[in-house]
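> After the structure tokens below, expect a handful of questions from me.
The values are calculated or read from the model by the stated rules, or taken from the named source; none is laboratory data. Quick caveat, the model's predicted, so the values are computed rather than measured. Don't worry about glycine lacking a Cβ; one is built from the backbone with ideal geometry, like all the others, and counts go over all protein chains shown. Surface areas here come from the heavy atoms of the whole protein model, side chains and all, with no ligands, DNA or RNA. Shrake-Rupley method; radii C 1.70, N 1.55, O 1.52, S 1.80 Å.
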Amino acid sequence: MPRYSAAEAPGGHSSPYKPVMNGVHKTESGGLKNGYRGALDGKFLNGDLYKRPFNESFEETPMFVAVLTYMGYGILTLFGYLRDFLRAWKIEKCHNATERDDQKDFVPLYQDFENFYTRNLYMRIRDNWNRPVCSVPGERVDVLERYTDDYNWTFKFTGRVIKGVINMGSYNYLGFAQNQGVCAERSAQVLHQYGGGVCSTRQEMGNLDKHEELEALVARFLGVEAAMTYGMGFATNSMNIPALAGKGCLILSDELNHASLVLGARLSGATIRIFKHNNMQSLEKLLRDAIVQGQPRTHRPWKKILIVVEGIYSMEGSIVRLPEVIDLKKKYKAYLYLDEAHSIGALGPTGRGVVDYFGLDPRDVDIMMGTFTKSFGGAGGYIGGSKVLIDYLRKHSHSTAYAISMSPPVAEQIITSMKCIMGEDGTSLGQERVRQLAENTRYFRRRLAEMGFIIYGNSDSPVVPLMLYMPAKIGAFGREMLKRNIGVVVVGFPATPIIESRARFCVSAAHTKEMLDLALREISEVGDLLQLKYSRHHFVPLLDRPFDETTYEETED
């Protein structure tokens, strides 16, 4: 559900409020807004944990829209079964993967029903994804035009290039995805000196001086004792969590954590329990129960408890309530794993992520993870923390032992961009980009809210989900925006809840005000065309929503 800053109601209008019980404020229009307190029985008052205003409230899905959305999926499902019937009788040509005739008696390799959604729903709007870009993926991109004559099963190129598409979908938060400038020049020099690949792991012959330089720089940037870098961001999570937790351990994971965190937790063999998104009441209950009850059946104490959260949640645009999470992890003697893939570089006055955003001590976060694929315009990821932690991971992490080292030009891209953010290049360019991103984010979110769209997430988050809801509007929105030279990402089920399909915009420091204004005008026009301006400004505060005590658990016995 969408959340808005404490200072503004949607629409950009200041909203005077009067205090009521439990720290909840009631607007004069009758809506509800949270105070700045935390979720732990209201014991955290203004400023006790938060050094800055932090408020997230929800705008409910209009009932009429929800009903129409369910009806839309129901109709699509019925037509899907009809088309499957026609395919079975060879009336309609079947394009999807099927078993060979000589393997009909085998256990099916392709589960037919599992592909039902792909065949009958995804294929209708497949043209909105995997569009081939043929330029630098900066604030504007060139896209190869394509068409289909078999209902999106295959595509053919027209030979024409769509020039100058405003890129509102890439994670290029600070605008370092460039083919010119100091980052590109330094990367080209390193490519000439070291070549493009290393062809070995860090533990063998793949440990370059560039890797050592990068890790020392990352540790200084984060304010931690040591850091270790990896060539792939996804594997940084999925291959390191199993090295940190195992059988007899408990992982408490936010319900909206990224797939890499989910995979890493499952591979670890630890017991996994899920808490409601950003709900500290739910998290504390799980922590309390874990301490009191211990492990299932034996009731022995857990070997360790690991809380896993993200800085910015990439589908919701929400920011973790880190001060409260840290308070809980200290209270219950748990460990904290923080994934800053989207927040590093994009949040905080100095671009050092969600820890910097809240003005917290990096030493209070046990494992700091992040990626270089977004704000730094590179590839790979890192783990930061104590020297003891990093020395342990150097010996036990699968990514260290088996993965190829980071490409030298990529390492140099990250080093140069990170020094720019830190001001060690002798300029203020990096800090100007951090400030520009914050300004662009607040401006873009405020204007969308003024137009009447329902948007999700924190007012400081550069990830801006705009709600579409109905399945037919997913494809229509993406196509209409491309017609107007705006590149967007649209997302639907199963990546989101079935009635919460959305377009996800990513704001960049490289976007000029003129670009944003042009994009906003086109978004407003398409919103009117498709009737997407659902907002009624009815708030349902996150902290006052009742939560059920049901939790999801995965365990390896």
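> Taking SER405 as the residue in question, decide whether it is polar (S, T, N, Q), touching a His at 6+ places or on another chain (Cβ under 9 Å) and under 23 Å from SER170 (Cβ atoms). Even if it seems obvious, please write down each step before you answer.
Details: polar (S, T, N, Q): yes; touching a His at 6+ places or on another chain (Cβ under 9 Å): yes; under 23 Å from SER170 (Cβ atoms): no.
So SER405 does not fit the description; no.
> Does region 181-199 include one or more residues that are in contact (Cβ under 8 Å) with a residue 40 or more places away in the chain, among the polar types (S, T, N, Q) and within 30 Å of LEU306 (Cα to Cα)?
No: region 181-199 contains no residue that is in contact (Cβ under 8 Å) with a residue 40 or more places away in the chain, among the polar types (S, T, N, Q) and within 30 Å of LEU306 (Cα to Cα).
> Scan region 284-332 for residues that are closer than 30 Å to LEU468 by Cα and either in contact with a strand residue (DSSP E or B) (Cβ under 7 Å, 6 or more places away or on another chain) or open to solvent by 20 Å² or more (accessible area, probe 1.4 Å) (or both) and jot them down. Break it down stepwise before answering.
As a first pass, look at region 284-332 and keep what is closer than 30 Å to LEU468 by Cα: 308-322.
Listed by number, the residues that qualify are VAL308, VAL309, GLU310, GLY311, ILE312, SER314, MET315, GLU316, GLY317, SER318, ILE319, VAL320.
> Test ARG435 against the criterion of being out of contact with any Pro (no Cβ under 6 Å at 6 or more places or on another chain) and either within 26 Å of ASN130 (Cα to Cα) or touching a residue at least 40 places away in the same chain (Cβ under 8 Å) (or both), and give yes or no. Even if it seems obvious, please write down each step before you answer.
Details: out of contact with any Pro (no Cβ under 6 Å at 6 or more places or on another chain): yes; either within 26 Å of ASN130 (Cα to Cα) or touching a residue at least 40 places away in the same chain (Cβ under 8 Å) (or both): no.
So ARG435 does not fit the description; no.
> Name the residue that is most open to solvent (accessible area, probe 1.4 Å), counting only residues in region 423-477 that are more than 30 Å from LEU76 (Cα to Cα), under 18 Å from the mean Cα position of the chain (by Cα) and among the hydrophobic types (A, V, I, L, M, F, W, C).
The extreme case among them is ALA438.
> Can you say whether LEU252 is open to solvent by less than 70 Å² (accessible area, probe 1.4 Å) and out of contact with any Asp or Glu (no Cβ under 6 Å at 6 or more places or on another chain), as far as the supplied structure shows? Step through it out loud before you land on a result.
Values: open to solvent by less than 70 Å² (accessible area, probe 1.4 Å): yes; out of contact with any Asp or Glu (no Cβ under 6 Å at 6 or more places or on another chain): yes.
Yes: the conditions hold for LEU252.
> Which numbered condition trips up ALA243, out of (1) farther than 16 Å from GLY269 by Cβ; (2) in contact (Cβ under 8 Å) with a residue 12 or more places away in the chain?
(1)
> Now, a different point. Only residues that are of a type outside the set (A, V, I, L, M, F, W, C) and without any contact (Cβ under 8 Å) to a residue 60 or more places away in the chain: list them for region 458-490, please. Write out each step before concluding.
So in region 458-490, the residues of a type outside the set (A, V, I, L, M, F, W, C) come out as 458-462, 465, 469, 471, 473, 475, 478-480, 483-485, 487.
LYS473, GLU480, LYS483, ARG484 - these are the residues of region 458-490 that are of a type outside the set (A, V, I, L, M, F, W, C) and without any contact (Cβ under 8 Å) to a residue 60 or more places away in the chain.
> Filter region 130-184 down to residues that are in contact with a His (Cβ under 9 Å, 6 or more places away or on another chain) and buried (at least 16 other Cβ atoms within 10 Å of the Cβ) and give me whichever is nearest to PHE505 (Cα to Cα). Before you say what the answer is, go through the steps one by one.
Start the filter on region 130-184 by keeping residues that are in contact with a His (Cβ under 9 Å, 6 or more places away or on another chain), which leaves 139, 150-151, 153-154, 166-168, 171, 173, 175.
Applying the additional criterion that residues be buried (at least 16 other Cβ atoms within 10 Å of the Cβ) yields 139, 166-168, 171, 173, 175.
On the way: GLU139: 12, ILE166: 11, ASN167: 9, MET168: 5, TYR171: 9, TYR173: 11, GLY175: 15 Å.
My answer is MET168.
> Filter region 278-304 for residues that are in a helix (DSSP H, G or I) and not basic (Lys, Arg) and give the result. First the steps, then the outcome.
Quick first cut of region 278-304, residues in a helix (DSSP H, G or I) only: 280-293.
The answer is MET280, GLN281, SER282, LEU283, GLU284, LEU286, LEU287, ASP289, ALA290, ILE291, VAL292, GLN293.
> To continue, here is another question. Looking at the structure I just gave you, is SER238 out of contact with any Ser or Thr (no Cβ under 7 Å at 6 or more places or on another chain) and either among the small types (Gly, Ala, Ser) or closer than 16 Å to GLU340 by Cβ (or both)?
On the way: out of contact with any Ser or Thr (no Cβ under 7 Å at 6 or more places or on another chain): no; either among the small types (Gly, Ala, Ser) or closer than 16 Å to GLU340 by Cβ (or both): yes.
So SER238 does not fit the description; no.
> Do the conditions hold for LEU214, that is, is it under 30 Å from THR427 (Cα atoms) and among the aliphatic types (A, V, I, L, M)? Reasoning before the result, please.
Numbers: under 30 Å from THR427 (Cα atoms): yes; among the aliphatic types (A, V, I, L, M): yes.
Here the answer is yes, as LEU214 does meet what is asked.
> So, one more: Search region 497-515 for residues being assigned to a loop (DSSP other than H, G, I, E, B) and either open to solvent by less than 10 Å² (accessible area, probe 1.4 Å) or among the charged types (D, E, K, R) (or both), and hand back the single one that is modelled with the lowest pLDDT.
GLU500
> To continue, here is another question. Take the residues of region 200-219 that are out of contact with any Ser or Thr (no Cβ under 9 Å at 6 or more places or on another chain) and touching a residue at least 60 places away in the same chain (Cβ under 8 Å): which is nearest to GLY353 (Cα to Cα)?
Of everything passing the filter in region 200-219, ALA219 is nearest to GLY353 (Cα to Cα).
> Does region 463-472 contain at least one residue that is out of contact with any helix residue (DSSP H, G or I) (no Cβ under 8 Å at 6 or more places or on another chain) and hydroxyl-bearing (Ser, Thr, Tyr)? Lay out the reasoning, then the answer.
Within region 463-472, the first condition is being out of contact with any helix residue (DSSP H, G or I) (no Cβ under 8 Å at 6 or more places or on another chain), and the residues that meet it are 463, 465, 467.
Restricting the remaining residues to those that are hydroxyl-bearing (Ser, Thr, Tyr) gives none.
No; the residues of region 463-472 include none that is out of contact with any helix residue (DSSP H, G or I) (no Cβ under 8 Å at 6 or more places or on another chain) and hydroxyl-bearing (Ser, Thr, Tyr).
> Quick test for you: out of LYS276, LYS247, LYS285, pick the one residue that is among the basic types (Lys, Arg) and closer than 14 Å to GLU310 by Cα.
Numbers: LYS247 fails: closer than 14 Å to GLU310 by Cα; LYS285 fails: closer than 14 Å to GLU310 by Cα.
Step by step, each of LYS276, LYS247, LYS285 is checked, and only LYS276 is among the basic types (Lys, Arg) and closer than 14 Å to GLU310 by Cα.
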